[in-house]
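The structure under discussion appears below in the form of structure tokens.
The values are calculated or read from the model by the stated rules, or taken from the named source; none is laboratory data. Remember, predicted model here, so these are calculated numbers, not experimental data. Glycine also receives a Cβ, built like all others from the backbone with ideal geometry; neighbour counts cover every protein chain displayed. Only protein heavy atoms, including side chains, enter the accessible area calculation; ligands, DNA and RNA are left aside. Shrake-Rupley method; radii C 1.70, N 1.55, O 1.52, S 1.80 Å.
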Amino acid sequence: ANTLSSLPRINNRSQGDRLDLARWLINGKNPIVPRVTVNHIWANLFGQGLVRTMNDFGVRGEPPTHPDLLDWLSGEFIRHKWSRKEMIRLIVHSATYQQSSMHRVNLAEVDPDNRLLHRQNRFRVEAEIIRDLTLAASSQLSREIGGSSVYPPLPPGVSELSYANNFKWKTSVGKDRYRRGMYTFFKRTSPHPNLTTFDCPDSTVTCVKRNISNTPIAALATLNNSVFTEAAKAMAKRLMKQHDNDSDRITFGFKLCTAREPTSKEIGAFSSLLRKSRNFYAKNESEAKAFNGDAEASAWANLARILLNLDEFITRE
């Protein structure tokens with residue numbers, strides 16, 4: 001029970017067991033563990049790791065784009081007592097992280113894959129966070145921390161797909177219905193479709209890095225799934241309650257979803273959508289009543305659905 005000569009020696013108490021191995025992994029002298037962990041944190045914040053082959057730190061993997069930076073971050077990770085929170089704080093306060101993700105034409109040929117980090121990377125947020133963003137914009141999100149798993153709404157028939165149909169999904173009520181995505185109960189044989197639609201791994205195999213795809217099913221989910229339509233209705237009520245005129249409501253909703261001021265062209269497009277929605281629901285009162293109570297609330301819910309379906313809303317810029 002020993003290590004390769006190129007690595008620090010392991011201190012075995014007797015024959016060597018898992019506790020000895022664990023202590024050796026985090027004794028601060030082993031360079032591999034902090035490098036791998038820091039690379040994971042970096043990849044989560046930048047879309048790509050400093051070592052892009054995250055599952056292979058060996059000679060067959062890619063070398064780090066910034067080896068000195070990787071070593072320095074590893075040392076800081078150990079110095080901060082292996083605190084992920086401190087590492088995230090350190091990285092997000094850097095000028096490199098806070099760059100714009102806007103494409104820079106003058107560097108397109110020099111650094112086409114952004115290995116030199118001349119800009120931020122633009123990518124869609126993780127599956128769990130998409131729902132969290134939607135609930136937060138609609139003011140439905142429960143910010144309680146800790147506790148048991150919860151069961152948000154599930155499309156009919158999904159739970160029956162579990163092994164031997166032996167699992168029943170009892171939808172949570174009250175604030176548990178709106179807990180963060182990390183608390184959603186995960187059934188390996190029948191995962192929540194809102195998660196798998198946005199590339200959440202199925203938990204049956206190890207996943208070092210998630211894939212990011214862009215499919216029509218994802219757009220259909222955020223437009224029509226009950227979680228997102230409920231959020232649109234709640235957001236409509238929030239807009240109507242906090243402001244008295246159309247322009248202010250549109251501006252407020254747009255800022256909630258994109259963290260920036262809308263342009264005059266964007267305000268015009270949403271004003272046109274609102275006008276068309278009002279006309280439609282005024283002529284179809286039964287549909288308005290079934291959708292969100294009355295024509296005005298339904299028109300604003302329709303506008304909120306589009307705000308919550310902007311690519312900019314679910315994409316980390």
Self-check item: Residues of region 51-70 classified as part of a helix (DSSP H, G or I) and surrounded by fewer than 16 Cβ atoms within 10 Å (Cβ to Cβ), total
Solution: 3
Practice problem: With respect to residue 233, determine if the residue is touching a residue at least 40 places away in the same chain (Cβ under 8 Å), of a type outside the set (Asp, Glu) and surrounded by 14 or more Cβ atoms within 10 Å (Cβ to Cβ). | Solution: yes
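Would you confirm whether or not region 126-135 contains a residue that is under 18 Å from residue 49 (Cβ atoms) and charged (D, E, K, R)?
In the first step, residues of region 126-135 are kept if they are under 18 Å from residue 49 (Cβ atoms); the result is 126.
With the extra rule that they be charged (D, E, K, R), the set shrinks to 126.
Scanning region 126-135, I find at least one residue that is under 18 Å from residue 49 (Cβ atoms) and charged (D, E, K, R), so the answer is yes.
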Quiz item: Name the pairs whose Cβ atoms lie under 6 Å apart, with the first residue in region 84-97 and in contact (Cβ under 8 Å) with a residue 24 or more places away in the chain, the second hydroxyl-bearing (Ser, Thr, Tyr) and surrounded by 11 or more Cβ atoms within 10 Å (Cβ to Cβ), and 6 or more positions between them or separate chains?
Solution: 91/97
Quiz item: Any chance region 178-194 includes a residue that's charged (D, E, K, R), touching a strand residue (DSSP E or B) at 6+ places or on another chain (Cβ under 8 Å) and at pLDDT 90 or above?
Solution: yes
Quiz prompt | Residue pairs meeting the criteria (Cβ under 8 Å; at least 6 apart or on separate chains; first farther than 14 Å from residue 310 by Cα, in region 213-224; second of a type in the set (Ser, Thr, Tyr)) | solution = 215/197; 217/197
Practice problem: Determine which member of the set 98, 120 is touching a helix residue (DSSP H, G or I) at 6+ places or on another chain (Cβ under 9 Å), open to solvent by 80 Å² or more (accessible area, probe 1.4 Å) and either of a type in the set (S, T, N, Q) or in a loop (DSSP other than H, G, I, E, B) (or both). | Solution: 98
Quiz prompt | The one condition in (1) crowded, with 17+ Cβ neighbours inside 10 Å; (2) not in a loop (DSSP other than H, G, I, E, B) that residue 44 fails to fulfil | solution = (1)
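Could you say which residue among 198, 228 is in a helix (DSSP H, G or I), surrounded by 18 or more Cβ atoms within 10 Å (Cβ to Cβ) and among the aromatic types (Phe, Trp, Tyr)? Before you say what the answer is, go through the steps one by one.
Working: 198 fails: in a helix (DSSP H, G or I).
So the residue among 198, 228 that is in a helix (DSSP H, G or I), surrounded by 18 or more Cβ atoms within 10 Å (Cβ to Cβ) and among the aromatic types (Phe, Trp, Tyr) is 228.
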Quiz item: residue 204: open to solvent by 40 Å² or more (accessible area, probe 1.4 Å) and farther than 27 Å from residue 177 by Cα, yes or no?
Solution: no
Quiz item: When both residues are 6+ apart or on different chains and their Cβ atoms are under 9 Å apart, which pairs have a first residue that lies in region 10-22 and is in a loop (DSSP other than H, G, I, E, B), and a second that is open to solvent by 100 Å² or more (accessible area, probe 1.4 Å) and at pLDDT 90 or above?
Solution: 10/23; 11/23
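Those residues that are within 23 Å of residue 186 (Cβ to Cβ) and open to solvent by 20 Å² or more (accessible area, probe 1.4 Å), I need them from region 133-142; list them, please.
Keep residues of region 133-142 that are within 23 Å of residue 186 (Cβ to Cβ), which gives 133-136, 140-142.
Matches in region 133-142: 133, 136, 140, 141.
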